[in-house]
Structure formats: C-alpha cells, structure tokens
Amino acid sequence: MNNIQSIRGMHDILPTETPTWRWLELQLSELLDGYDFREIRIPLVEKAELFTRAIGQGTDVVEKEMYAFADRNGDLLSLRPEGTAGVVRAAIQHGLLTTPGLKVWYRGPMFRHERPQRGRQRQFHQFGAEVFGLAGADADAELIALGERMWRRLGLAERIRLEINSLGDRDDRQRYRKRLLEYLRPRIDQLDEDSQRRLETNPLRIFDSKHPATRAIMAQAPLLADALGDEARAHFESVCALLDGLGIRYRINPALVRGLDYYCRTVFEWVTDDLGAQGTVCAGGRYDDLVSIQGGRATPGIGFALGMERLVDLIESLGTEHPGGAQVYLVCQADPVEALGLAEFLRDHLPGLRLACNLGGGSFKAQFKRADRSGAAYALVLGEEEVQQGRCQIKDLRGDQPQQSLAREELPARLARLLPDLAPA
C-alpha cells in the first residue's frame, strides 16, 4: 500500500521549521501594529470574477495560474492567488471605506498553479499591508519607510535593496502602450514565446522576461517614464523627495512593472541577490482604480505583499536561532499526578515557560535520553524522596553547573534566573 504524499508544490511546514515562521510572524505583526495597521482575515476561496476583474484577463495569474473550479451550485470559484483583491472586496462589503486612512494587514496561504522551484511554490504564504483613502505621496513614503524598518528589525537591511518606478495614470499607460507596441511589433520574431503571447494582452509584462534576447530588445524599448503626465510625474517626484528626506536609499528602475493590471503610479520592490532567480522578497504599489473596478466608490489605495518562504530562507541563512522546543524537561519516577501537578504549578507561575513533562514512564536513564533529545537546557528530577520532602532537583543538561535541590516554592524564581527570557507571573 502506497503512502499518500503531499501535492506537488504544496509543502508541510514541519515542527523544526515553525519556530522561525512564528518568530517572523510576530515581528511583522508587532511592526505593523506600531504603524496603526489592524489585522483583517479574508477567505481562502472567493468568486473567480473577483480576481479576473481586478488582476486582468491578460495576466499570467488569470490565464495560467489560478486554481478555479465550479462548485455544486455551478458558481465559478477560485483559491485566492493574492490578497489585495479579497481585502478590497471585504472593505467594500462591510463599509470600511467611509473614513480615509483605513490601514489593514493580512497573512496566510495563496495558491498559483505554476512550476515549483525555490522561492516559488503552488501554495505559498504572504504577509501584506494595505492603505485606503490616502492619495498623497506621504502615504507611499510611509509604507516604504515601514518596509525599510522591517528589514532592519529582521537583520536583513544589508542584503535587500529597494527599486521604485512610476506606472503613471491610466491615460499615461495607454499612450505608452501604443508606443511600446509600435516598437515591439516589428521585432516580434525575436521575442520568446511567452513574450509573443503577451504582446497584445499585456505588453508591459515583457519587461519581466528572463530570456536574454528579449531582455536585449527591451533594453532599447521606449520608457514609460517619458510618457508620464504632469500629475503622475509630480507625484513620483514627491515620493522620491520624501524618501531622500528620510535617508532611504533606492534605485529608480524604469523597467520595473507589476504583474497585475490594477497597479498605477508608484510601484516598488525589495530585491536580493541571495535567492537566485526569485530575488523579489517584497513588492507592491499604488492601485487607485481597484476599489471602483470592484464596484465601490472611487478610493485610492496602496499596499505591499511579501513572500514568507523567501524571507524564511533569508533569515535561516543568517544562522540565528529562534525559540522553539522545550526549555525544561521534567523527569519523574513517582506518582504521575505529582509530576503533572508540579508541571501545572510551574506553568501557573511562569506562563512563558516551555516545559515538557515526561509521559509514559520509563527508567531514569530512558527519561534522561528523552530529555537530551528534546533540546531542553535543564531537567527537573522528581523521585519519591523529592515528593516526600516537597523538593525537586535541577540538572544542567548543556553545561557544568552543579545539580541543585530546591523547595517546590523556590523553583519559579530559580528557573526565571536560569532562563532570562522568563519573568515570574
């Protein structure tokens, strides 16, 4: 009988890996809370129309990557391929856009049917932030400043760089699209197959091609920056001036576009050279038309999303340990109720303590082997004699501190000193 395996491109996150994930999620949520963002939780499944309308029929996501299916009622549904469209739908549905300045963040799995590779899976996880109702360049600058602080907090500031561009307004892009097509159509035979397919549906995405011949052609293509109208140009100049004033380093990348149709004006990416081909760690931009596209009242918006798998890869490459597993292992050769009672006593007094209580009996030798495998720094030893005396032994499993015998009431304070991250309740 064959074991059932996980679906290709959809991976388990194992107990040895989750400490880094939990640490990262905590850092991000605390940071966003500090910028007055509030969490929103949106469904995994939405009507497929939500994404086709927002993302665009000519995008790779809609044409090739969405997990879309008909349910039993015949409705066409989709696993969410990204988070922004769902957040916009929720904000419209629940009347959250009546006051300018709504700030929300979200996290969770997204789904795209593409070729799995490092940093790009069919089920992947994103952490995103969205701001609604604020059209000024200061909203763009604050969101980018938040990102810069995020990299410093995670210890990645020296490994990630910021690239920005402006996609202008809708009329600007229409003028530019005409110029770009005039340049590319005579050269269509020199483009790779994907770029030929994109030529009429989404020609700006050809800038994303990794094909050497196509990249050489795009290096000589007319630039969107030359087609910007006065308002979009002034907005972008204001964003750059604010970033300069904040001391935030960036590079203007005229070829930077976004893969989804709803973006306009400021777009940005934080990229790294440490993850191979999938070097974009976080990306976003302004989407001032998206709310109206989804049926709401015209409301400007800007946001970003970061790839959790890619960030975890970078953080783990730093070699930093993140808390996980037991700090203390309770070894017992007495009535199990005594061990369980002591464990609950310690959890009452030290709420942050990660304590493993030996279950299933066994000799002292067997239990100490389990304690060692658990990774705990200390073992608590409880035998019949200790129970009668109301005491417990503390044994250092990783160093050479002498074993100590303490009264039960002394244990919380002693463990708090041995494990500095703890504080007695």
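Considering amide H positions built from the backbone, and no H for Pro or chain starts, which residues 5 or more places from M110, or on another chain, come under 5 Å of its amide H?
So M110 has HN proximity to F124, H125, Q126.
State whether region 84-153 is rounded, prolate or oblate according to the following rule on the C-alpha gyration tensor (a ≥ b ≥ c being the square roots of its eigenvalues): a/c under 1.5 gives rounded; otherwise a/b larger than b/c gives prolate, and the remaining case gives oblate.
The shape class here is oblate.
Can you put W23, W151 in order, fewest other beta carbons within 10 Å first?
Exposure proxy ranking, most exposed first: W23, W151.
Taking 2.2 N^0.38 Å as the expected size of a compact globular protein, what ratio does the Cα radius of gyration of the chain give against it, to two decimals?
1.24
Helix 308-317: angle to the longest alpha-carbon principal axis of the chain, degrees 0 to 90, nearest 10?
Compared with the principal axis, the helix lies near 60 degrees.
Taking θ = phi - 60°, what integer Hz values does the Karplus form 6.51 cos²θ - 1.76 cosθ + 1.60 yield along region 97-103, in sequence order, with x for Gly and Pro?
With the stated coefficients, region 97-103 comes to 9, 6, 10, x, x, 4, 10 Hz.
Looking at the square roots a ≥ b ≥ c of the eigenvalues of the Cα gyration tensor of region 206-253, which shape do they give, rounded for a/c under 1.5, prolate if a/b is larger than b/c, or oblate?
In terms of gyration-tensor shape, oblate.
Once all Cα-Cα distances of region 129-187 are split into 10 Å bins that start at 0, what whole-number percent is in each one?
Spelled out per bin, shortest first, that is 17, 31, 25, 21, 6.
For a footprinting-style exposure proxy, rank L340, L415 by other Cβ within 10 Å, fewest first.
Neighbour counts put them in this order, fewest first: L340, L415.
Using every Cα-Cα pair within region 148-215, state what percent have a distance larger than 17 Å.
55
Straight-line reach only, C-alpha to C-alpha below 24 angstrom: list the lysines that K369 could link to, leaving out same-chain residues fewer than 8 apart.
By straight Cα distance, K369 reaches K395.
Could you give the angle, 0 to 90 degrees to the nearest 10, between helix 170-184's Cα long axis and the longest principal axis of the Cα atoms of the chain?
70
Dipole magnitude of region 328-418 about its Cα centre, charges +1 at Lys/Arg Cβ and -1 at Asp/Glu Cβ only, in debye to the nearest 20?
440
So for the chain, averaging the separation of alpha carbon pairs under 8 Å that are six or more residues apart and normalising by length, what relative contact order in percent results?
15
What shape does region 328-418 take by its C-alpha gyration tensor, where a ≥ b ≥ c are the square roots of the eigenvalues and a/c under 1.5 counts as rounded, a/b above b/c as prolate, and the rest as oblate?
rounded
Quick check: the angle from helix 364-374's long axis to the longest principal axis of the chain, C-alpha only, nearest 10 degrees?
20
Can you run phi through the Karplus equation (6.51, -1.76, 1.60; θ = phi - 60°) for region 144-153 and list ³J(HN,Hα) in whole Hz, with x for Gly and Pro?
Here the 3J(HN,Hα) series is 5, 4, 4, x, 4, 5, 4, 5, 5, 5 Hz.
Find which of H322, L359, Y106 sits farthest along the positive direction of the dipole of the chain, computed with +1 on the beta-carbon of Lys and Arg, -1 on that of Asp and Glu, about the Cα centre.
Checking the options against the dipole of the chain, the answer is Y106.
Can you run phi through the Karplus equation (6.51, -1.76, 1.60; θ = phi - 60°) for region 34-47 and list ³J(HN,Hα) in whole Hz, with x for Gly and Pro?
Listing the rounded values in order: x, 9, 6, 8, 10, 6, 10, 10, 10, x, 6, 10, 9, 5 Hz.
Among R398, R265, rank each residue by its count of other Cβ atoms within 10 Å, from fewest to most, as a rough exposure measure.
Neighbour counts put them in this order, fewest first: R398, R265.
Each value in this text was obtained by applying a stated rule to the coordinates, not by laboratory testing. Just so it is clear, the model here is predicted, and its values are computed rather than measured. Methodologically, a virtual Cβ is constructed for each residue, glycine included, from the backbone with ideal geometry; neighbour enumeration extends over all protein chains shown.
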